[in-house]
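Each reported figure results from applying straightforward, stated rules to the coordinates on display, with no laboratory input. All figures in this text were calculated on a predicted structure; none of them were measured in a lab. Every residue, glycine as well, gets a Cβ built from its backbone with ideal geometry; the counts of neighbours run over all protein chains shown.
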Amino acid sequence: MDWDKMLKVARIPMIVLLILQMLSFVTLAHQSSYYSYLFLPVILLSYILPAFIYLYTGYSAVKNCNLKLGEAALTGALMSAALTITSTIVAIGAYYSAAVDLASSSIIILAFSIFGLITGTIFNGFLAIIGGLISQWLTKKIEVKRNHLLIAGGVLLVILISLVIIFFIIFYFDTIPNYRASTLQCTFPAGFTCVTNVLYTNGSLYLWVGQGTGHTIRVRGVTCTQNTSPDFTTNGNVLWANLYNITMPSGSQAKLADPTNSNISITCSDASGKPMTDQTIGAIYTGRIYINYTETDTGLTRIVVGTYNTKYEP
């Protein structure tokens, strides 16, 4: 085995694969909120592009470094094993930062790591062999097949550009409603339910909320904003004008925001507090809804924070 040549041929592909791996992790980190339209880049970063890189590694190993097919396969397999190890380390770090019990998750992590190590090394080593075979075949047929390769390269380029355009249209222009539908939500922690909500293009919010906390509560204010700073939850930021309040028994529903009622008229704002007026119909607003309330029997004042992703309506 010529380890020096194997290391040389694997160096740049390995760096590219590590970058793609990190990008796929970042993409997956946002997948829970934007699953539908991030599905394409996740597949692209995790499977399609790496497959081409392993093919190129085998091709380069045979053509440029004069390695044998077995050495090309071993190069691809070792690259795959190294990536599996790094992904395992990242997964453990993610579990740790999320305060997950590592003892209960270690078996799952270990099982997936072993599975990925075995299947990945076999499959990617096989891809490297195919790349080496392509190199050998092209060496003999390069003059005859040059035009065919140019045509195939042109077709592949058109396909890649088309995928990028499709993703751009879905992401920015919301052309396919179903891709965005799964991201729309108005959710609160246990005890509160978003019954009905409408966000108008002038930023005004219409909101019905149900509560089942087990206490009668007195709602003192509601705020809709993109501000996520910890100090925003102080009572002074989440109060209706004129100390207005609404009493809600446990198990009841109430209208907590209405553009036609000056006492509970709420305008959603950006992170700086600027009202989101003059918005485009169908555009997406992503923010939070803060509800400030006091339990009438205990006197405790709390602020519940809900996630609010919705479209502007006329």
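Rounded if a/c is under 1.5, else prolate if a/b is larger than b/c, else oblate: which is the stretch 187-236, with a ≥ b ≥ c the root eigenvalues of its Cα gyration tensor?
oblate
Roughly how many nanometres apart are two label points built 7 Å out from the Cα toward the Cβ at Leu133 and Gln253?
That separation, rounded to one decimal, is 6.3 nm.
Pairwise over distinct Cα atoms, reciprocal of the mean inverse distance: report the Kirkwood radius of the stretch 239-303 in Å, one decimal place.
In the stretch 239-303 this quantity evaluates to 14.3 Å.
Which of the three applies to the stretch 184-313, rounded, prolate or oblate, going by the alpha-carbon gyration tensor with a ≥ b ≥ c and a/c under 1.5 meaning rounded?
prolate
Relative contact order of the stretch 184-313, please, whole-number percent, based on alpha carbon pairs below 8 angstrom and at least 6 residues apart.
Worked out over the stretch 184-313, it gives 35 percent.
Place a +1 charge on the Cβ of each Lys and Arg in the stretch 184-313 and a -1 charge on the Cβ of each Asp and Glu, then give the dipole magnitude about the Cα centre in debye, rounded to the nearest 20.
60
Which order results if Glu313, Glu295, Glu71 are arranged by neighbouring Cβ count within 10 Å, fewest first?
Taking fewest neighbouring Cβ atoms as first place, the list is Glu313, Glu295, Glu71.
Taking amide hydrogens as modeled 1.01 Å from N in the peptide plane, which residues meet the under 5 Å criterion relative to Leu67, leaving out close sequence neighbours?
Amide H neighbours of Leu67, under 5 Å, 5+ apart: Val62.
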